[in-house]
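Student: Sharing a structure below in structure tokens format, with a few things to ask.
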Amino acid sequence: MSDDNRQASDFVRDIVAEDLRTNKWDGRVITRFPPEPNGYLHIGHAKSICLNFGIAEEFRDKAPGGAQCHLRYDDTNPTKEEQEYIDSIKADVRWLGFDWGEHEYYASEYFDQLYEWAVQLIQAGKAYVCDLDGDQVREHRGTLTQPGKDSPYRNRSVKENLDLFERMRAGEFPDGSRTLRARIDMASPNLNMRDPVMYRIMRAVHPHVGDKWCIYPTYDWTHGQSDSIERITHSICTLEFENHRPLYDWFCDALGIYHPQQIEFARLNLTYTVMSKRKLLELVKGGHVRGWDDPRMPTLCGLRRRGYSPEAIRNFCKVIGVNKYESTIDIALLEHCLREHLNRTSPRVMAVLRPLKVIIDNYPEGQTEMLEAINNPEDPSAGTRQVPFSRVLYIEQDDFREDPPRKFFRLAPGREVRLRYAYYITCTSVVKDEAGNVTELHCTYDPATRGGDSPDGRKVKVTLHWVAADQALPVEVRLYDNLFTVPDPDDVPPGMDYKNNLNLNSLEVVPQAWVEPSLKGAAPLSRYQFERLGYFCVDPDSTPEKTVFNRTVTLKDSWAKIEKSQSQLP
RNA sequence: UGGGCCGUGGUGCAAUUGGUAGCACGUCUGACUCUGGAUCAGAAGGUUCAAGGUUCGAGUCCUUGCGGCCCAGCCA
């Protein structure tokens, strides 16, 4: 059990608590998670989900006016959005362990209200139809250091604007030919205030509202008012929207409507991966991975398939905190949270990835016996199981060295080790092929050590995992490494991009590994620890004939560390 | 060179709001162990971006620098 289940505070929670204390929002706490359905959710979104839904949960009992978190799709750009994404987002939020109850909303369902509000702004002389095309709008916008120029259409009459806007909606004009723009200040140092576009003409079928519209509101014109409609109290978003806040404020004030408070926090960055939907989409479309749910992807569906648990991800989000400055978190911290949870919850099992045949010369031919094995030493209630033992076994190739280096404690000629839950064995001879590769080992076992303890108190340095050759199940195992070879994939010389840093060895398939028979029929997505190797998860690609395992993460391996440092010596 | 936001060990976060820098990950030791896992104990590692100033006292306040991120989509 983790020692501390409480959620530490942070500057966002501090604001919420303070607002509750001063009764700023009538005792209400309403947050929202507002994805655009244009891709799959990733671990960066998990940070936002945990923040928004977490706050609603934590303040449930403290907010007399009620606390809730909405799921709202910011679906304002039908050219990029799809039903597939809408569905996956719901599945992923639920899998993470959060529930929005009745509060599932779509910005596209506010389009009528938004249209009315646009008319209201036109009537107030605060919006106008502009005939400039994209290039011209850019030219008029000015630069970071120079003010923009007013559009020649900026001073059209209210009557003309109303007529034109109505006809935009009616489909009288071609795509991109006109826009509705807010009439603010072309000289503002904040470029977002230089008469931003509110509506564009775009003939596209919308995944949620179909072909009802040929004009679509921009995100800037939609987001703040959607929060307003839902009476959000704390509109929590990422840092890049800080510059947009004055615009959202302007819209709410100009409309005279309920005005939520926006709070910005830094998005999550992780080493050895990329975290933008654009790049993830490119990896998928470019065939660099097998799909959005490829176990190497930082998407929630990818992590799920890889074997991550929602608990691990939630705890990770708790541990990383929330702040206002960009930072990059070491992937090792995510893996730490993962192991921490999996260690407590995963049944142990034995599997051999690269088999080396071991023949126990003094064990009766044709005999099989069942030995008792503990399912989870961290959880006594998980009980025990029986594993078969016989004369011919497989052990891991890595667990034998004919000429053992210093600090290598495993099996070697003449050396005695323990087979987990079974017997002590001693290697008596080595069989090789013509090329000199070790093909099998002959050993003897000590019948007195049955179960794994020696009555004479004799100690061995190490315990090996094993499977009985004639009882083991053949399975496929997929081993994963980081998708990128460097901590910051975007750190590339000029002319190259992050794809140059793709790790070409991020997937290694072991077509035939062996697992103990208790794993027969293991359900997709079920998680195990393969003793001494790591945590593994049944891949949905599994068939009744062949189970496929994904390696979620290795166990911490101090021998690997020693070996690595030894190889680095001159 | 306009505006906005932000700088605390290698990394991520704390510091009772002015009281003498703490936690986690990682790294390195050691103990224990039927997973070289887990667990436990310990160590190394910070002139809190810098320089001034206010103060008995500054990571916290002031000034000036420096550095980083964001903004010139009819993307979100």
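The numbers here are math on the coordinates, done by the rules we state, and not lab data. Nothing here was measured: the structure is a model prediction, and the numbers come from that model. Every residue, glycine among them, receives a Cβ derived from its backbone with ideal geometry; neighbour counts consider all protein chains shown.
Student: Between A:ASN362 and A:GLN386, with labels modelled 7 Å along Cα→Cβ, what's the label distance in nm to one decimal, could you check?
Tutor: 2.6 nm
Student: So what are the ³J(HN,Hα) numbers for the range A:234-244, from phi and the Karplus equation (6.51, -1.76, 1.60; θ = phi - 60°), rounded to whole Hz, Gly and Pro as x?
Tutor: After applying 6.51 cos²θ - 1.76 cosθ + 1.60, I find 10, 8, 8, 9, 8, 3, 5, 8, 4, 5, 8 Hz.
Student: Hey, can you grab everything whose amide H is under 5 Å from the amide H of A:TYR73? Only 5+ residues off in sequence or another chain; H modelled, so Pro and N-termini drop out.
Tutor: For A:TYR73, whose amide H was placed from the backbone, the distant partners under 5 Å are A:TYR105, A:TYR106, A:ALA107.
Student: Label A:ASP87 and A:SER429 with points 7 Å out from Cα along Cα→Cβ: what is the distance between them in nm?
Tutor: With each label placed 7 Å out from Cα toward Cβ, I get 6.2 nm.
Student: Further question on the same structure: May I ask which of A:LYS80/A:LYS212; A:LYS499/A:LYS564; A:LYS318/A:LYS556; A:LYS285/A:LYS546; A:LYS407/A:LYS564; A:LYS285/A:LYS499 have a Cα-Cα span longer than 19 Å here?
Tutor: Beyond 19 Å between Cα atoms: A:LYS499/A:LYS564; A:LYS318/A:LYS556; A:LYS285/A:LYS546.
Student: A:LYS62 to A:GLU242: extension gain in nm, 0.36 nm per residue of separation minus the Cα-Cα distance?
Tutor: Taking A:LYS62 through A:GLU242 to full extension adds about 61.9 nm, to one decimal.
Student: A follow-up question, please. Extension gain A:VAL205-A:SER157, at 0.36 nm per residue separation less the Cα-Cα distance, in nm?
Tutor: 14.1 nm
Student: Using the Karplus curve 6.51 cos²θ - 1.76 cosθ + 1.60 with θ = phi - 60°, work out ³J(HN,Hα) for each residue of the range A:287-297 in order, rounded to whole Hz, and write x for Gly and Pro.
Tutor: x, 6, 9, 8, x, 4, 9, 4, x, 8, 7
Student: Once you sort the root eigenvalues of the Cα gyration tensor of the range A:171-300 as a ≥ b ≥ c, which label holds: rounded (a/c under 1.5), prolate (a/b larger than b/c) or oblate (the other case)?
Tutor: Since a/c reaches 1.5 but b/c is at least a/b, the shape of the range A:171-300 is classed as oblate.
Student: May I pose another question? Scan around A:ALA67 for amide H atoms under 5 Å from its own, H built in the peptide plane at 1.01 Å from N, and keep only partners 5 or more places away or cross-chain.
Tutor: Distant-sequence amide H within range of A:ALA67: A:VAL29.
Student: Any cysteines in chain A with zero other Cys Cβ atoms under 4.7 Å from their Cβ? List them, or say none.
Tutor: Result for chain A is A:CYS69, A:CYS130, A:CYS214, A:CYS237, A:CYS252, A:CYS301, A:CYS337, A:CYS427, A:CYS443, A:CYS537, no neighbouring Cys Cβ within the cutoff.
Student: Also, I was wondering about something else. What are the semi-axes of the equivalent ellipsoid for the range A:1-134, taken as the square roots of 5 times the Cα gyration tensor eigenvalues, largest first, in whole Å?
Tutor: 32, 22, 13
Student: Can you pull a Stokes-Einstein diffusion coefficient for the range A:117-242 at 4 °C (1.567 mPa s), Rh from Kirkwood over Cα pairs, as a whole number of µm²/s?
Tutor: 83 µm²/s
Student: Please compute P(r) over all alpha-carbon pairs of the range A:505-550, binned at 5 Å starting from zero, and give each bin as a whole-number percent.
Tutor: For the range A:505-550, the pair-distance distribution reads 5, 19, 33, 30, 10, 2, 0.
Student: Based on the Kirkwood radius over alpha-carbon pairs, what value in µm²/s does the Stokes-Einstein equation return for the translational diffusion coefficient of the range A:102-169 at 20 °C and 1.002 mPa s?
Tutor: 154 µm²/s
Student: Mind listing the phi-derived Karplus ³J(HN,Hα) values for the range A:410-416, rounded to whole Hz, using 6.51, -1.76 and 1.60 with θ = phi - 60°, and x for any glycine or proline?
Tutor: 7, 6, 7, x, x, 9, 9
Student: Provide the net charge surrounding A:ALA63, with neighbours chosen by a C-beta distance below 12 Å and charges set as Lys +1, Arg +1, Asp -1, Glu -1.
Tutor: 0
Student: Report the equivalent ellipsoid semi-axes for the range A:330-386 in whole Å, largest first, defined as the square roots of five times the eigenvalues of the gyration tensor built from alpha carbon atoms.
Tutor: Semi-axes (√(5λ), whole Å): 33, 18, 6.
Student: Turning to a different aspect of this structure: Once label points are set 7 Å from the Cα along Cα→Cβ at both A:GLU508 and A:LYS126, what is their separation, rounded to one decimal in nm?
Tutor: 6.2 nm
Student: With 10 angstrom as the radius, rank A:ILE374, A:ILE395 by how many other C-beta atoms surround their C-beta, starting from the fewest.
Tutor: The order, fewest Cβ neighbours first, is A:ILE374, A:ILE395.
Student: Additional query: For the range A:336-427, what ratio Rg/Rh do Cα atoms give with a Kirkwood hydrodynamic radius?
Tutor: Reported Rg/Rh, Kirkwood definition of Rh: 1.02.
Student: Dividing the Cα convex hull volume of chain A by residue count, how many Å³ per residue is that?
Tutor: Residue-normalised Cα hull volume stands at 201 Å³.
Student: How do A:118-131, A:44-57 rank on mean C-beta neighbours within 10 Å, highest first?
Tutor: Listed from highest to lowest mean packing, they are A:44-57, A:118-131.
Student: Give the long-range amide H neighbours of A:GLU440: residues separated by 5 or more places, or on another chain, with amide H under 5 Å away, using H modelled in the peptide plane at 1.01 Å from N.
Tutor: The list, which skips near neighbours in sequence, is A:VAL431.
Student: Hey, quick one: spin label on A:GLN7, modelled 7 Å out along Cα-Cβ, who in the range A:81-99 has an amide N within reach, i.e. under 17 Å?
Tutor: Correct set: A:93-99.
Student: Return the FRET efficiency for the residue pair A:GLU340, A:ASP253: r is the Cβ-Cβ distance, R0 is 51 Å, and the value is rounded to the nearest 0.05.
Tutor: 0.60
Student: Continuing with this model, one more query. Students often check this: by mean Cβ neighbours within 10 Å, which of A:217-228, A:161-172, A:232-243 ranks highest, and how do the rest follow?
Tutor: Output ranking for A:217-228, A:161-172, A:232-243: A:217-228, A:232-243, A:161-172.
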